[in-house]
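The next block holds one structure in the form of structure tokens; read it before the comments.
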Amino acid sequence: MAAPKVVTLEEHYSHPQLLGGMPRELGEALLDLGERRIREMDEAGIELQVLSHFPSGPQNLEPQRAIALARETNELVQRTIDAHPGRFRGFAALPLTAPQEAAAELRRTVRQLGFKGAMLHGRGAGVPLDDRRFWCVFAEAESLDVPIYLHPDVSPDAVVDAYYRDYPALLGPGWAYTVETATQALRLMMSGLLDAYPKLKIIVGHLGESLPFAIVRCDANISRRAALKRPLREYFHENFWITTAANFSNPALACSLMEMGVDRILFSVDWPFASNIEGRRFIDCAPISAHDRAKILGANAAALLRL
Ligand code: MN
């Protein structure tokens, strides 16, 4: 089968038991793993969605429940892939409260089910992802040669109290998600993780959560002060990919292209939180060459995920 030409990588679904408090319209979309989802993909010419859970799902539940529900929700993705061959792939949900089992579930889903990696949401079990307890998960991803997608999640309570309590609109995708995810990405670069696992592949959404804009200044200050093995910017260039999920901005795309090069930028929508048609229109109208457009729409994803 030829590689799909239009692929999106931050496209969410929910296991019915893990939906949480979601507005009805969004909840219905997240639970749909068939007709409506495929219709909206077809309207935007999206051939393949890589499915990932939203919200954080089983990731931070108590270990036994996390392990059981991660397996269950990954099986739900597998049934969806089987029901619609050629339209879906999966990023695994992992029980980070049981890191060894999370690594085992990543291995099982990739080796036995053909999943393309995993998505992690914010911190794991209340601590940043660079914590040593999670290195076994990243080691497994490197060994399987699949990427880990860093998705935003809620800010820690102390941060909410200090900055957001009186401006709640700053919480979530408007601002707090970007700060949280960029901070975790920087911590991963600084932790020594990427020296231990130099082939690790990390995806960050939303056109890099501001990192393409900030990385030169980060590099100039952090690399020296933190005594890193390699310059910070090298980790960013060699271990990171970014997606366009729900950040349909030509200035941000231009900056990302200049900083990272076209090969590291992947089309995504963040469905159902953003519209497939708007995301596709953004790429189709972006002031880039046809060659670069084809790479961003699908060729880069086909290479990274071996589609
Ligand atoms: Mn998302």
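Structure above, values below:
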item	result
Residue in region 1-24 that is surrounded by the most Cβ atoms within 10 Å (Cβ to Cβ), counting only those that are away from the ligand (no atom under 16 Å from the Cβ) and without any contact (Cβ under 8 Å) to a residue 60 or more places away in the chain	GLN17
Some residue of region 56-75 being within 29 Å of ASP32 (Cβ to Cβ), open to solvent by 20 Å² or more (accessible area, probe 1.4 Å) and in contact with a Leu (Cβ under 7 Å, 6 or more places away or on another chain)	yes
Test: residue in region 136-146 that is farther than 26 Å from ALA226 by Cβ and in contact with a Gly (Cβ under 7 Å, 6 or more places away or on another chain)	yes
Within region 244-266, considering residues that are aliphatic (A, V, I, L, M) and within 13 Å of the ligand (Cβ to nearest atom), the one farthest from ILE296 (Cα to Cα)	ALA246
Answer residue from region 155-178, given it is part of a loop (DSSP other than H, G, I, E, B) and in contact (Cβ under 8 Å) with a residue 24 or more places away in the chain and is farthest from the ligand (Cβ to nearest atom) among those	PRO156
Considering residues of region 42-75 that are out of contact with any strand residue (DSSP E or B) (no Cβ under 8 Å at 6 or more places or on another chain) and among the hydrophobic types (A, V, I, L, M, F, W, C) only, the residue nearest to ALA3 (Cα to Cα)	ALA44
Of all residues making up region 267-279, the number that are within 14 Å of the ligand (Cβ to nearest atom) and not in a loop (DSSP other than H, G, I, E, B)	2
Any chance PHE282 is part of a helix (DSSP H, G or I) and open to solvent by 10 Å² or more (accessible area, probe 1.4 Å)	yes
Which listed residue is touching a helix residue (DSSP H, G or I) at 6+ places or on another chain (Cβ under 8 Å) and of a type in the set (A, V, I, L, M, F, W, C), from LEU30, LEU9, LEU76, LEU26	LEU9
The lone exception for GLY34 - which of (1) on the phi > 0 side of the Ramachandran plot; (2) away from the ligand (no atom under 16 Å from the Cβ); (3) exposed (fewer than 13 other Cβ atoms within 10 Å of the Cβ) it fails	(1)
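The values are calculated or read from the model by the stated rules, or taken from the named source; none is laboratory data. Note that this is a predicted model, so its numbers are computed, not measured. Using ideal geometry, Cβ is built from the backbone for each residue, glycine included, and neighbour counts are taken over all protein chains shown. When the accessible area is computed, the model is the full protein with side chains, heavy atoms only, and any ligands, DNA or RNA have been set aside. Shrake-Rupley method; radii C 1.70, N 1.55, O 1.52, S 1.80 Å.
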